[in-house]
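The values are calculated or read from the model by the stated rules, or taken from the named source; none is laboratory data. All figures in this text were calculated on a predicted structure; none of them were measured in a lab. Cβ coordinates were reconstructed from backbone atoms using ideal geometry, including for glycine residues, and neighbour counts include every protein chain displayed.
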């Protein structure tokens, strides 16, 4: 590769070459973040439409969609697309890719070409999975439990498994890139305890990316081998153990749910101090809470298998460990409240999303305690209580944090301000729609309605109709940002370099930033949240 | 440079000895319970190659950190997962499908 | 940060050693993920062997022991050869490095040829788990599973070996083209890490496949 | 539309108590978080003139206090949850055994007296019931919300679950592990009846020969009697009085001859050979189906009663 001449040009990364080729072969982390954002949004609305059809079907006890087969393929598609093609990559690859080098004062990630390969792997995996899902799909649920998925499933299990397998390498590449960048490319003076908490949460997420995803890769290879040759690795009739698949699958999938939530925790820890104009309460505790979540996340996967025939000793061990992993999340919530105490809170759109996040994430976390208690899990496992629990954390927590981050850094990424009033309305509508959709499901789960049911007994209908109604409000609330954010690209007024008064290095670059980020590498002297005396207007900082 | 070559050669001989030992130990019939000791020579050889040929000691500090992380997480996967089959009291009955 | 940039250094690195240490750290992290990848295979092997000890031993006895053992010694030697090639590189002796790379590639190819020959023997003896299988009776299930692990593990290892041989070849070509000097030879180091790691994987797989069944 | 789930099994009372306890803890924490957010949002909003006072208070004390508090509460919940869970693993000896065979998209239930039901389970009130369940294809899950119990049903091995119903009535039975196309149709009714009604149901629903009686016929037809009833040329362990007693095995260990041991010895005889006997018994793995196996096990179970009886 020829030697790179250091680009001296001061033009922004958006207008630095407009040909399709300059976008599709870019190694600029900012452009790759934009490419990812477009593909993430596509997958989000695709998975969302599958969810809408599921809620449509559950309006009546016998199911609006005639064939149960179609319903099974719908919820499997909803699960696969949302987990692997929206939630796992969501914040790290879009906001993380864009902001990490800026926050570190670096010019790009450690391995720019690897970053582009990561996007292409993600799209290749996505294309492969979409081909399978649209040419018939599969009816195994996103968990692929054997022997159902290996011996009894009709449909394109092999093609979907290969698609997810390829997209797994995209996660490993991104995680590897982030960890090495955070270690090696920090600006002078930027010590570990001066790093913004979002960088710490990206670091913890990347540790899980790199160390959990390979186990998913080998699990999918073994599943593929079993599906093609029926040799009995997971088939008890030939001597295999179906619980082995569940152990291997959940060893990846539980840390994966922490991959999904940790960046959200980082974003909220970034937004609350800025909009409360007050230093983050207990910075070191919040930081070490993120890192300890990344480590303990690997000890707890057995709580998915309390009633699946796992041994008594293992179940009791995993129940204890599952309670330990809940403690760091509790510490974070208390520290956010500590930050709000005696602050100067401004309720811009990102802050409304952050408040929504705290409320819904706390509810999600607390219902996790229900499922970690062994005897309660016997009653609640595989019912709508579990569905409500993980939607409170994934949709109430993660998606709210994604929208919060989107609105918080939108001026920096696009150089345009979003319409404030519309954004606040969308945030409140999303909070309302979400609760109407998913709170009834807690009650349905307690009443014993099992998951993944195409038809259900009539006594559950009222709550299901309520939930479906909420889903329509939620769908409307998701469409609003799509409209006004794209609208702001063309009509939005120019964004100042630092609209919110944030102290991170990313706010010291113009909006949108140059291709090389910093003409002169900044030197860091203070911590990330040492705000000047309160009362000063943010824009004149 | 000469010292490095001598070290490499010495390591090669040590590895050959351990490999030969491992091969030799496994020939006489050993009761099933003690077979996991075969993991010992393999682990020693792996560590020797990592320290000697991969020069883990003079690699940057975080590289050593990543190596330790890999081993630690592997131990979690193997250790915690094995608590289930080892303590599962009910018999996993196999039904042979005659080939 | 000085504007003139050392050769081969990407614009986001301060200097050459900064970049080479980063590359080495990046490779070690990738190897940690590979440890988990093969670790998943090992836990699956431990699980199934726990439920089917008799079947696994029956399957293990059918493996071709001499090829496995010869391959073990071959790979250890190849690690030694490549490592001494790296030592020559540090002293700036590129000709020796190219020779060591060629020898390493030769050993790697010999390993692969032996492995293909072993697979040929196994397939001819109906040891592929699907379809007609050599071992029948109560141990058939366990042996069938052993052989499915054998093929998954050896195919994955062979793929890693093929990539390794390709990488060493790329290093040899670059070295002959004069891309490296004693000031900058990071790719040689990084490929060395990958090659020795593939050797370690075989060191761990060897007893699992060949010896445990025969004990 | 009701919002509470009636309890129909005395073994479920503890679980209900635990659920209430968890709800109380959650509401307390939630209330604290929501209240604080509301207060801070109003009191410390941007332009409110209220005095902010000393800003930089040490955070260490707060951190340790709420970390320790959460640890203690969580540990308590863990202990409470697992003590109840352990009891699920210990069915009482006198429990009424009912065999359940799950098949893709139906529940086949067989009572000791030979009665067979599809997607329905009739049981007497106030007697501990132990379900011995296995599956013929994929993983299912026997879930009765009213009894607060569920258990995955794995193919190729027995899973047991027990409860003591204490209210007469009909309750839902769901399959709660996704098992394919008609997963949502794999439901049924659990009918808890008084002792007299149950006895009446037993006779009217075609009991006919008991499971054990049918098992005796199979015991002869499959040739087990040839070796195990003595008098034959082959030396084989006697099965009289076997059920429930410890069996010395050839590898030195001893196993308790319960349902699983008997089933395992029929399907894979060489895995646990009785001490001082040759492993010559052929495997009946693909000869005997799930239903016949249940009858054979019931017959061998009845041989034990013969000795004690």
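Details
- Check on residue B:23, more than 19 Å from residue C:209 (Cβ to Cβ), within 9 Å of chain C (Cβ to nearest Cβ) and within 18 Å of the chain's Cα centre (by Cα): no
- Residue, surrounded by the fewest Cβ atoms within 10 Å (Cβ to Cβ), within the range A:309-338, restricted to residues that are touching a residue at least 60 places away in the same chain (Cβ under 8 Å) and facing chain B (nearest Cβ under 10 Å): A:309
- Scanning the range A:218-232 for residues that are in a loop (DSSP other than H, G, I, E, B) and at negative phi yields one hit, A:231.
- Qualifying residue in the range A:174-189 (condition: within 14 Å of chain D (Cβ to nearest Cβ) and assigned to a helix (DSSP H, G or I)): no
- Which numbered condition residue A:93 fails, given (1) buried (at least 23 other Cβ atoms within 10 Å of the Cβ); (2) farther than 30 Å from residue A:279 by Cβ; (3) away from chain C (no Cβ under 12 Å): (2)
- Residue within the range A:203-215 that is in contact with a helix residue (DSSP H, G or I) (Cβ under 7 Å, 6 or more places away or on another chain) and surrounded by fewer than 23 Cβ atoms within 10 Å (Cβ to Cβ) present: no
- Residues (over 19 Å from residue A:50 (Cα atoms) and under 27 Å from the mean Cα position of the chain (by Cα)) located in the range A:450-467: A:450
- Neighbours by Cβ (under 7 Å, 6+ apart or cross-chain): first from the range B:52-71, facing another protein chain (nearest Cβ under 7 Å); second modelled with pLDDT under 85: B:60/C:21
- Unmet criterion (only one of (1) free of Cβ contacts under 8 Å to residues at least 24 places away in the same chain; (2) within 11 Å of chain C (Cβ to nearest Cβ)) for residue A:192: (2)
- Criterion (touching a residue at least 12 places away in the same chain (Cβ under 8 Å) and not in a helix (DSSP H, G or I)) met by exactly one of A:53, A:114, A:59: A:59
- Residue check for residue A:387: surrounded by fewer than 24 Cβ atoms within 10 Å (Cβ to Cβ), within 7 Å of chain D (Cβ to nearest Cβ) and assigned to a helix (DSSP H, G or I): no
- Within the range D:235-277, the set of residues being more than 11 Å from chain B (Cβ to nearest Cβ), in a strand (DSSP E or B) and surrounded by 14 or more Cβ atoms within 10 Å (Cβ to Cβ) comprises D:247, D:249, D:274.
- Residue count for the range D:171-196 satisfying the condition of being touching a residue at least 60 places away in the same chain (Cβ under 8 Å), away from chain A (no Cβ under 14 Å) and surrounded by fewer than 17 Cβ atoms within 10 Å (Cβ to Cβ): 2.
- Qualifying residue in the range D:87-94 (condition: facing chain A (nearest Cβ under 8 Å) and either in contact with a helix residue (DSSP H, G or I) (Cβ under 7 Å, 6 or more places away or on another chain) or within 25 Å of residue A:333 (Cα to Cα) (or both)): yes
- Of all residues in the range D:101-118, none are in the same structural domain as residue D:187 (by TED's automatic domain parsing), closer than 23 Å to residue D:6 by Cα and touching a helix residue (DSSP H, G or I) at 6+ places or on another chain (Cβ under 6 Å).
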